[in-house]
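Student: Got a structure for you, questions after.
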Amino acid sequence: MDRLDAMKVFVLAVDEGSLAAAGRKLGRSPAAVSRAIAFLEERVGAELLHRTTRSIKLSEEGERYVEVCRRVLTELEEAEDIATGARAAPRGLLTITAPVVSGEMVLRPILDAFLDTYRSRLDQIRRDHGHRAVAGLTKDRIEEKILKPLHNKPGAKIDTLKKLRILIRHAKDLKWLTADPSDGIKRGKSKEIRAWTDAELAAFEKRWPFGTKQRAAYELMLNVGTARVDTHLTTWIQADAEDFEYTRRKTGVPVLVEKADSLRQALAALPRKHVCILTTEYGKPFTVDGFSGWLRAAITSAGIADLSCQPHGLRKTFGRLLADAGATAHDIMAAVGHLTLADAERYTREADRRRGGRRAIVKLEDHKANRKPQTHSAGLGNVAKTQGISK
């Protein structure tokens, strides 16, 4: 069996979350996917995946090996692209003025990781749809051939449409298209991600103590409210400041919050090996997708089996905890970096609903207690020995 092909199968199975899903995408049976992974396990002499009938879970060896596979496959693809000239070189001039030391130690690694993140979706579009003719793009074909396969991945669907529109604008500049075939296609909404439960928070903290990168990432998202795109390139310069300050990449809103004690403790326990706080096992900054996969693996390793428990849910948890503590909607808006008061009011309304539910049960219990007689009739006096007879 081809080892590189087996690596591709293994990575896809991890990304899709099941052998069956990977098989459907590859046009292979689940048994064939399982054989490919078993082939790798035999070569490395360790179990990479814990399999059940419904799901798969990375082993500790698998967590390390999947990152190696991703790097090998990426470098192989880039080598092939360079050899064939398939990858177009970036065009245009980008000028940044900065001291040499800052450029080498701060800007360069962050920009490299940013570019990797930005082009990852474009590379995916090229791999999946590079055979399609630009001139043949229509609204129906975009919806049916490109977006419909992503119907169960709303986040990927939205991001694919955004990047596709960048390519379409470029094609119009080159006069390959006269109109935008994506006009009229609605972005849709990504699936609402829930906040973590108290039990899930406790399970993660038990599995990942202070001193681990997983705990540092967790504390950043939970106590600062950063999204994954804001977390993966957080620097020690930000961490060393008295308050934590950053600008949300999604909205451009500047955010400043005081560092929580648990966040200070997590950062203090972490060794400093790079300008970025969080790095891969190879000492490089994460891409957004790489960071998400790494943190999802940490969640699974903590024994949290519910797939709806997502890394981004920590940001939602931050808002929920602020509301539960009595923070106003304006306070939450400032701390979480929302653009509108309505976004922040969702947390206060939810907190009010929970408090109302608790008050309602207390009142119900009081009502039940008051319906019972305070004293028994037997204690109100002696019962007459004779009844109904008078003289």
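Values quoted throughout were computed directly from the atomic coordinates according to the rules given, and no laboratory measurement underlies them. Only a predicted model underlies this, so the values are computations on that prediction, with no experimental measurement involved. Ideal geometry is used to build each Cβ from the backbone, glycine not excepted, and the neighbour counts take in all protein chains shown.
Student: Which value, in debye to the nearest 20, describes the size of the charge dipole of region 258-358 about its Cα centre when Lys and Arg Cβ atoms bear +1, Asp and Glu Cβ atoms bear -1, and nothing else is charged?
Tutor: Taking the Cα centre of region 258-358 as origin, the dipole is about 120 debye.
Student: May I pose another question? Could you tell me the distance between the Cα centroids of region 40-66 and region 168-185, to the nearest Å?
Tutor: If we compute the Cα centre of each part, the gap is 44 Å.
Student: With the Cα gyration tensor of region 127-210 giving a ≥ b ≥ c as the square roots of its eigenvalues, does the rule (a/c under 1.5 for rounded; else a/b larger than b/c for prolate; else oblate) give rounded, prolate or oblate?
Tutor: prolate
Student: Can you compute the FRET efficiency between Lys186 and Asp366 using 1/(1 + (r/R0)^6), with r the Cβ-Cβ distance and R0 = 56 Å? Round to the nearest 0.05.
Tutor: Step by step, r from the Cβ atoms, then E = 0.65.
Student: With 10 angstrom as the radius, rank Asp240, Asp352, Asp128 by how many other C-beta atoms surround their C-beta, starting from the fewest.
Tutor: Least to most surrounded, the residues fall as Asp240, Asp352, Asp128.
Student: With labels modelled as points extended 7 Å from the Cα through the Cβ direction, what inter-label distance (nm, one decimal) is found for Asp261 paired with Asp128?
Tutor: Spacing of the two 7 Å Cα→Cβ label points: 4.7 nm.
Student: Here's something else I'd like to know. Once both labels are modelled 7 Å past Cα along the beta-carbon direction, what's the Glu42-Glu242 spacing in nm?
Tutor: 6.4 nm
Student: While we're on this one: Among the listed pairs Lys139/Lys316; Lys153/Lys273; Lys153/Lys259; Lys145/Lys250; Lys8/Lys157; Lys206/Lys284, which have their C-alpha atoms separated by more than 32 angstrom in this model?
Tutor: Lys139/Lys316; Lys153/Lys273; Lys153/Lys259
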